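Let me begin by presenting the structure, written as structure tokens, before commenting on it.
The values are calculated or read from the model by the stated rules, or taken from the named source; none is laboratory data. Being a predicted model, the structure only gives us computed values, none of them experimental. Cβ sites come from the backbone with ideal geometry, for glycine too, and all protein chains shown count toward neighbours. To get the accessible areas, we keep the full protein, side chains included, count just its heavy atoms, and leave off ligands, DNA and RNA. Shrake-Rupley method; radii C 1.70, N 1.55, O 1.52, S 1.80 Å.
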Amino acid sequence: MIRKILDMSTLDKSLLNELDDYILSLEGKKEEHLIHVLHKAQSLFGYLPQNLQLYIARKLDLPAARVNGVVTFYSFFNEKPVGKYTISVCMGTACFVKGADKVLDRVMEVTGTKKGEMSKDGLFTIKDVRCIGACGLAPVLTINDKVYGKVKPKDVDDIIRHYRSIQNDRK
Ligand code: FES
């Protein structure tokens, strides 16, 4: 049997204590609160690295595979560090038939970032997601909470430029 080693050296102890307090405050069966615990952990740490997932699995007495299955199923959970702006390109059917794949390609090209990765400047994280329920606006992308509809690949340059300029103005 392979036993996974829990290396917590990269996790901030005070944040782990806060997570422990949150888990202790939960009533009823701990395993039923998995999604809430993951949300709390992501809000504390910014993302959910493997060792944090394993820590949560042990705390909730769940198999590590179950925790990882939930993390990878929901697009709002991140296993890697995320940029200031998360660009989510919808790859649902309505968006796909209207060229979402070309929009995604352009997003990756303009930001110099692969799907699932964070840009070198820490500004953007690129994701492809399932239908976000705005099919009438296909193809759709979101940047954090803002929705962009009927996006063409050539629109991507201006959209990204806008977020870069916000950043530069703040420097
Ligand atoms: S398929 Fe993209 S919003 Fe529904």
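Taking only protein heavy atoms and a 1.4 Å probe, what accessible area per residue, in Å², does the chain have with all protein chains in place?
Solvent-accessible surface per residue comes out at 60 Å².
Can you tell me the orientation of helix 50-60 relative to the chain, as the angle in degrees between its alpha-carbon axis and the longest Cα principal axis, to the nearest 10?
50 degrees
Given a 1.4 Å probe and every protein chain left where it sits, what share in percent of the accessible area of the chain is carbon and sulfur?
It is 54 percent, rounded to a whole number.
Which of Ser14, Leu44, Thr111 sits closest to the plus end of the dipole of the chain, meaning its Cα is farthest towards the positive end, when Lys and Arg get +1 and Asp and Glu get -1 on the C-beta?
Of the candidates, Thr111 comes out farthest on the positive side.
With +1 assigned to the C-beta of every Lys and Arg and -1 to the C-beta of every Asp and Glu, and no other charges, what is the dipole magnitude of the stretch 87-136 about the Cα centre in debye, to the nearest 20?
Using only the charged Cβ atoms, the result is roughly 100 debye.
Which residues' amide hydrogens lie under 5 Å from the amide hydrogen of Thr86, considering only partners 5 or more residues apart or on another chain, with H built in the peptide plane?
Correct list: Thr125, Asn144.
By per-residue mean of other Cβ atoms within 10 Å, what is the highest-first order of 111-117, 134-140, 69-75?
Highest-to-lowest ranking by the protection proxy: 134-140, 111-117, 69-75.
What is the Cα coordinate range of the stretch 1-116 on the first, second and third principal axes, sorted by size from largest, in whole angstrom?
Computed over the stretch 1-116, the largest-to-smallest principal extents equal 47, 33, 27 Å.
With equal scatterers on the alpha carbons only and no solvent term, can you work out the Debye log10 of I(q)/I(0) for the stretch 56-120 at 0.16, 0.20, 0.26 1/Å?
With no solvent term, the Cα-only Debye profile gives -0.68, -0.88, -1.12.
Past 25 Å, Cα to Cα, is the threshold; run Lys29/Lys80; Lys127/Lys150; Lys115/Lys152 against it and keep the listed order.
Too far apart for the 25 Å limit: Lys29/Lys80.
Which listed residue (His162, Asn144, Ile23) has the Cα farthest towards the positive end of the charge dipole for the chain, taking +1 on Lys and Arg C-beta and -1 on Asp and Glu C-beta about the Cα centre?
About the Cα centre, the residue reaching furthest to the positive side is His162.
Determine the shape class of the stretch 41-171: with a ≥ b ≥ c the square roots of the Cα gyration tensor eigenvalues, call it rounded for a/c under 1.5, and otherwise prolate if a/b is greater than b/c, oblate otherwise.
Since a/c reaches 1.5 but b/c is at least a/b, the shape of the stretch 41-171 is classed as oblate.
Determine the relative contact order of the chain: mean sequence separation of Cα pairs under 8 Å and six or more apart, normalised by residue count, in whole percent.
That works out to 17 percent.
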